[in-house]
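Here is the structure we will look at.
The values are calculated or read from the model by the stated rules, or taken from the named source; none is laboratory data. Since the structure is predicted, the reported quantities are computational estimates derived from the model, not experimental observations. All Cβ positions, even for glycine, are placed from backbone atoms using ideal geometry, and neighbour counts span all protein chains on display. The area values use the complete protein model at the heavy-atom level, side chains included, leaving out ligands, DNA and RNA. Shrake-Rupley method; radii C 1.70, N 1.55, O 1.52, S 1.80 Å.
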Amino acid sequence: MTRYIFITGGVVSSLGKGLLSASLGALLQARGYSVRLRKLDPYLNVDPGTMSPYQHGEVYVTDDGAETDLDLGHYERFTGVTSRQSDNITSGRIYQKIISKERKGDYLGGTVQVIPHVTDAIKEFALGEQDGIDFMLCEVGGTAGDIEAAPFMEAIRQLSIDLGRGRSIFCHLTLVPYLAAAGELKTKPTQHSVRDLRSIGIQPDILICRSEHPIPDSERRKMSLYCNVPETSVIPALDSSSIYAVPVSYHNEGLDTEVLKAFGLAHSQSPNLSRWEDITDRIENPEGEVTIAVVGKYTGLKDAYKSLNEAITHGGIANRVKVNIEWIESEVFEQDDAITQLDNVHAILVPGGFGKRGTEGKIAAARFARERKIPYFGICLGMQMATVEAARHLAGFNDAGSTEFEEHNNPVVGLITEWVRSDGSVEKRTEETDLGGTMRLGAYDAVLKEGSRVAEIYGKTKISERHRHRYEVNVGYVKKLEESGVLFSGMSPNGELPEIIEIPDHPWFVGVQYHPELKSKPFEPHPLFASFVKAAVAQSRLV
Ligand code: GLN
């Protein structure tokens, strides 16, 4: 029997609902339960794939090729459970499905309405693919009271009735702000937010209260009384030193115990949190420090590189060092002398990205790393730009470039027009194809060259990694590039798509066409990130 935990947020957005859901998932696992986490997003985009990272942060990609909300990344990092397309739904996807059914005449002349048609579709999504797990955690995006979230709130209310007594609970995350002038914590916004929920028939079972100051018992009692929640189920959530310390803090505040109590399940035994304690210990007691420059385009918004940021932290955890990240806009390297900013960093990483702006700066950063023998890690666009750099300055194609930005005499990076899926089917694209959902997306196998650096790092020669790109290194240039010192150490199984480049005559220079950061976990750092940070540590001993 699968039990449902619905997670909503109130008062303001950005309180860390994703982190709460992921941490609760991890705590339930630590008590021996199996979990799956889902995100219900009320916005009208079919998926976040076409949204700017500035609007919505990173687009997370699943093995099965879905472009999803970045919270799914938190879920996977905290629980290790591989997310799927069926774990993220948006209003856009629901309406798209309903409207296409309506056009086909599937409603047999009936009037199509938010209740029951939209709410039924939401319920069907939430109930799908349970796979016999113990707990399904469903996080509703947005904030209680949002107009667009209303059908989702109604759907989870109905679900709690449909599932029957004891099969579901509601957790509500709110903010308890501190008014410095009054020197007081204020519970009124929480009371109002819960009143909003109760007016639509949802009574939270557990209140989680974000606060910058410890919440006195008197205020907990007040929220318990006014919000109709047992006092022990008012859980304080204070700011944490690291996101990986959050599961243990929530446990110390009684979150998992209250959840089990609310379901009437046994809760006297303590969960095994050693995994989380070890990670926190490694973060809090590092044995050294390194500085890595991330040369990108959306550096003003950290959420745009969420998984990357975490994967670098995981590389630090693996090596027991603190990694300081210097976020640098690549455009700055398009001016003379700016590149000297990279003189004192211990490694350089150029992440994924889209569009021409700043790409010459990325090429300059890759060149600097190659010539100065500073560890370099290029991911997706970062790999493509490193290849263009090598084509220009090692292989002699002075005018090499990517057709993503303009026509080139030497299109070293070009549009992928055809590729083979893992099931053997062939995907085709042209310049005219829609932008939404049409990239080479999700998990694809790659074959690594025996004896290469990457084969040694992975410890195997067959890997599967997640992709999200429309362009690729043109296989026609492989021979010339290899003659000039670049090794194509990873290729698609049919040998047609370059997946990895490396420069053997360099301390650590690797470019990958896929996104390894999406699969890294704090308790299982991705081997490439662990190895890259190790190379940064070696470099730090030289400078
Ligand atoms: N813009 C490049 C492409 O579409 C790289 C994409 C990426 O870095 N994710 O191929």
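At a glance:
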| read-out | value |
| --- | --- |
| Computed P(r) (all Cα pairs; segment 1-77; 5 Å bins; percent) | 3, 13, 23, 24, 20, 11, 5, 1, 0 |
| Mean ellipticity per residue at 222 nm, deg cm²/dmol - from DSSP H runs of n ≥ 4 across the chain, formula -39500 (n - 2.57) | -10000 deg cm²/dmol |
| Fraction of accessible area attributable to carbon and sulfur, the chain (%, probe 1.4 Å) | 48 |
| Segment 474-543 - convex hull of the alpha-carbon atoms, volume per residue in Å³ | 102 |
| Å² of accessible area per residue within the chain, as computed with a 1.4 Å probe and no ligands counted | 41 |
| Signed unit charges on C-beta, dipole axis of the chain, positive-most listed residue Tyr376, Ser452, Asn88 | Asn88 |
| Whole-Hz couplings from phi, Karplus 6.51/-1.76/1.60, listed for segment 460-470; x for Gly and Pro | 6, 10, 10, 10, 10, 9, 8, 10, 7, 7, 10 |
| Normalised alpha carbon radius of gyration of segment 190-323 [divisor 2.2 N^0.38 Å] | 1.35 |
| Beta bridges by DSSP in the chain, antiparallel share as percent, to the nearest 5 | 35 |
| Kirkwood-based shape ratio for segment 138-246, expressed as Rg/Rh from alpha carbons | 0.99 |
| Tensor-based shape of segment 63-167 (alpha-carbon gyration tensor, a/c under 1.5 rounded, otherwise prolate or oblate) | prolate |
| Whether segment 421-514 is rounded, prolate or oblate, judged on the alpha carbon gyration tensor where a/c under 1.5 counts as rounded | prolate |
| Estimated inter-spin distance, Glu406 and Ser34, nm [label 7 Å along Cα→Cβ] | 5.6 |
| Mean separation of Cα contacts under 8 Å (6+ apart) over length of the chain, as relative contact order % | 15 |
| Kirkwood-based shape ratio for the chain, expressed as Rg/Rh from alpha carbons | 1.00 |
| If the convex hull is drawn through the Cα atoms of segment 341-473, its volume per residue in Å³ | 134 |
| Restraint check, Lys306/Lys460; Lys17/Lys521; Lys479/Lys519, Cα-Cα greater than 24 Å | Lys306/Lys460; Lys479/Lys519 |
